[in-house]
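All remarks here apply to the structure that follows.
The values are calculated or read from the model by the stated rules, or taken from the named source; none is laboratory data. Just so you know, these numbers come straight off a predicted model, no measurement behind them. In this analysis, Cβ positions are derived from the backbone assuming ideal geometry, glycine residues included, and neighbour counts consider all displayed protein chains.
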Amino acid sequence: MGSKNKIAKLILPQMLEKKGDSVWVEPFVGGANMIDKLDGIRIGNDSNKYLISLLKAIQNGWTPPTEISKEYYYEIKSNKEKYPNELIGFVGFLCSFGGKWFGGYAANTKGDNYAERGSRCLVKQSKNLKDITFYNLDYRELILPNNSIIYCDPPYKCTTKYKDEFDHDIFWNWCRLKHDEGHTIFVSEYNAPDDFVCIKEVKIKTTLDKNSQYERVEKLFTLI
């Protein structure tokens, strides 16, 4: 859910026009499916400590398991204190339906092995994560290098709930503050306040549960 892997090539050109030698910063790095396609100094942050532990472990050569049973999935979900954070991150996202944080064990009628597929994809991605600096902070706590390019992929308003509640008004005000400080900011969302300009629209199919798939128009916004 929310992965930018399929549309990265469609929205990156608009942002790279402004990049130059600036540091690339993602306050909501998620699965790192945008930041892993860039070169140069990169900073990725997420408030989910298990996700950041997973990304750091992949950086350091960890290979996730290729078999996660339904029983093991719910055992880990209910007893997180017993397991390594990177394993919890892997199971909580890669083995959950739609990638929603412990949103239900991923399975289908074809018998696809989601753990094997997730493990294989992460191992393949690992070479593109090597030089990224990852942080586990609230996005407002990030210390940003001067004149950074900031790409935000926050929890979208009026969509399925993520792990934590998210105040969108505070977020948009933070974006305005960063812009005023000299940073260039881009935001992926469905809608934005009137002072944000839409520079790209992409149609995507969104799947939130086993019976629901629909098309939405995702937009890339910036402040001028």
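Below is a table of values for the structure above.
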quantity: Conditions (1) surrounded by fewer than 17 Cβ atoms within 10 Å (Cβ to Cβ); (2) over 23 Å from Thr222 (Cβ atoms); (3) touching a strand residue (DSSP E or B) at 6+ places or on another chain (Cβ under 7 Å): number failed by Phe102; calculated: (1)
quantity: Residue check, Thr133 over 30 Å from Pro64 (Cα atoms) and of a type in the set (Val, Ile, Thr); calculated: no
quantity: Count of the stretch 193-203 residues which are within 16 Å of Lys157 (Cα to Cα) and modelled with pLDDT under 95; calculated: 0
quantity: Filter result for Leu122 (part of a helix (DSSP H, G or I) and assigned by TED's automatic domain parsing to the domain that holds Phe28); calculated: no
quantity: Selected residue (criterion: surrounded by the most Cβ atoms within 10 Å (Cβ to Cβ)) from residues of the stretch 36-66 that are of a type in the set (Asp, Glu) and touching a residue at least 24 places away in the same chain (Cβ under 8 Å); calculated: Asp46
quantity: Residue in the stretch 53-74 that is within 23 Å of Tyr156 (Cα to Cα), of a type outside the set (Asp, Glu), touching a strand residue (DSSP E or B) at 6+ places or on another chain (Cβ under 9 Å) and modelled with pLDDT of 95 or more present; calculated: yes
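Every residue, every condition in (1) in contact with a strand residue (DSSP E or B) (Cβ under 7 Å, 6 or more places away or on another chain); (2) on the phi > 0 side of the Ramachandran plot; (3) modelled with pLDDT under 95; (4) not charged (D, E, K, R), yes or no:
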| position | (1), (2), (3), (4) |
| --- | --- |
| Asn113 | no, no, no, yes |
| Gly118 | no, no, no, yes |
| Ile150 | yes, no, no, yes |
| Lys178 | yes, no, no, no |
| Lys205 | yes, no, yes, no |
